[in-house]
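Asks: Below is one structure. I have some questions about it.
Read-outs: derived from the displayed coordinates by stated rules, not from any lab. Because the structure is predicted, anything quoted here is derived from the model rather than measured. Note: ideal-geometry Cβ built from the backbone for every residue, glycine included; neighbour counts use all protein chains shown.
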Amino acid sequence: MVLGLIAGIGAAVLFGTAAVLQAHAVRQLSHGLRSLRAFVADAVRHPLILVVVAAYLGGFVLHAVAIWLLPLYLAQASIALSLPISALAARRVAEHATLRQLASVAAVVLGLLLLAAAAGEPGEVRVSGAFVAALYAGIAALLVASLLDADPPGEWFGALSGLAYAGSALAVRGVTWPAGALVLLAALAVSAYGLIGFWLYSTGLARGSVSAVTAPMIVGQTAVPGVLGVVALGDQVRPGWGAAVVLGLALAIVGAALVGPPQALAAEPEPAQPS
């Protein structure tokens, strides 16, 4: 369990740092971010975004280790540390940590300690046709939801990206050995959810502040897999520690959501066009 928790916290450090770089990079893209195809075509030519992708890939490997070794509620809660890291590192978010931000970080840490103390064994997933079908139904639902509103705020895309990253975490639990056809489909779903989440999160960062967009993303990617892990995937809790899991998850999510400033910061101004 210790190795899994270290991997989860290491992933949070990479994710949190990458989010700040990603926010600066996506605001420089020339094409509209509402099109996934245009975003990919623009992003692969942007050096800073390639650095961000490399950081996310490193974080994904560590995150996958945490998912395999820990119950999902603990693995995902460890990722909640990425918001305090991004909020405290972003030049546009906070020059100095406020008392509320420090208290929020303390709440996240306390929540993680409670979850670590209460965690039992992670569930074992046997990949089935229904499991894989549910993964791809989720992908379709996310793509439809991204087109429902003509001009949604950055927080909306942050929430959708959280659901996408939640789907990626759930799909990782379906990547087992030996690798049959269903396992390969689950592995493809991991990549699909990750790409969609990256696009949605980038779109949100182009419209709002790092903290305002990241907070709903953290809530979605933490709460959804945590609940489904216990209800559907067999994640266990130490006997008598159920209340500690609920309290720890609540502290991690609420603390992460309250790290950012009360008001969303405006996106970086576009460079002036020559007259």
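Asks: Could I get the Rg over Rh figure for the range 115-208? Both from C-alpha atoms, Rh via Kirkwood, rounded to two places.
Replies: Working: Rg = 15.2 Å, Rh = 14.3 Å.
Answer for the range 115-208: 1.06.
Asks: So, one more: Compute the relative contact order of the chain as a whole-number percentage, counting only Cα pairs closer than 8 Å that sit 6 or more residues apart in sequence. Walk me through the intermediate numbers first.
Replies: Details: 476 pairs, mean separation 79.4, N = 275.
After rounding, I find 29 percent.
Asks: Most fluctuating residue of 173, 27, 37 in a GNM of the chain with Cα springs under 10 Å: which is it?
Replies: For the chain, modelled as a Gaussian network with Cα springs under 10 Å, the answer is 37.
Asks: Report the gain in length on full extension from residue 51 to residue 117: 0.36 nm times residue separation, minus Cα-Cα distance, nm rounded to one decimal. Walk me through the intermediate numbers first.
Replies: Details: separation 66, 0.36 × 66 = 23.76 nm, distance 3.55 nm.
Between residue 51 and residue 117, full extension yields 20.2 nm more.
Asks: Please say if the range 187-264 is rounded, prolate or oblate, where rounded means a/c under 1.5 for a ≥ b ≥ c the square roots of the C-alpha gyration tensor eigenvalues, and otherwise the choice is prolate for a/b larger than b/c and oblate otherwise? Mind showing how you got there, number by number?
Replies: Working: a/c = 4.98, a/b = 1.35, b/c = 3.69.
Oblate shape, in that a/c is at least 1.5 and b/c is the bigger or equal ratio.
Asks: Among 178, 84, 122, which one moves the most in a GNM of the chain with springs linking Cα atoms closer than 10 Å?
Replies: Most flexible of the set in this elastic network: 178.
Asks: Dimensions of the range 2-257 along principal axes (Cα, Å, largest first)?
Replies: Reported extents, whole Å, longest axis first: 53, 50, 30.
Asks: Further question on the same structure: Can you tell me the FRET efficiency between residue 176 and residue 99 if r is taken as the Cβ-Cβ distance and R0 is 51 Å, rounded to the nearest 0.05? Can you show the working numbers first?
Replies: Numbers: r = 46 Å, r/R0 = 0.90.
The formula returns an efficiency of 0.65 here.
Asks: Still on this structure, I have one more. Can you sort 151, 235 so the residue with the fewest Cβ neighbours within 10 Å comes first? Display every interim value, and only then the final one.
Replies: Values: 151 7, 235 26.
Fewest-to-most Cβ neighbours within 10 Å comes out as 151, 235.
Asks: While we're here: Which far-off residues, 5 or more places away or on another chain, put their amide H under 5 Å from the one on residue 237, with H placed in the peptide plane?
Replies: Under 5 Å from the amide H of residue 237: 120.
Asks: Now for a separate question. I want to verify a result. In a Gaussian network model of the chain, Cα cutoff 10 Å, which of these has the top mean-square fluctuation: 229, 255, 58?
Replies: Among 229, 255, 58, the largest mean-square fluctuation in the Gaussian network model of the chain belongs to 58.
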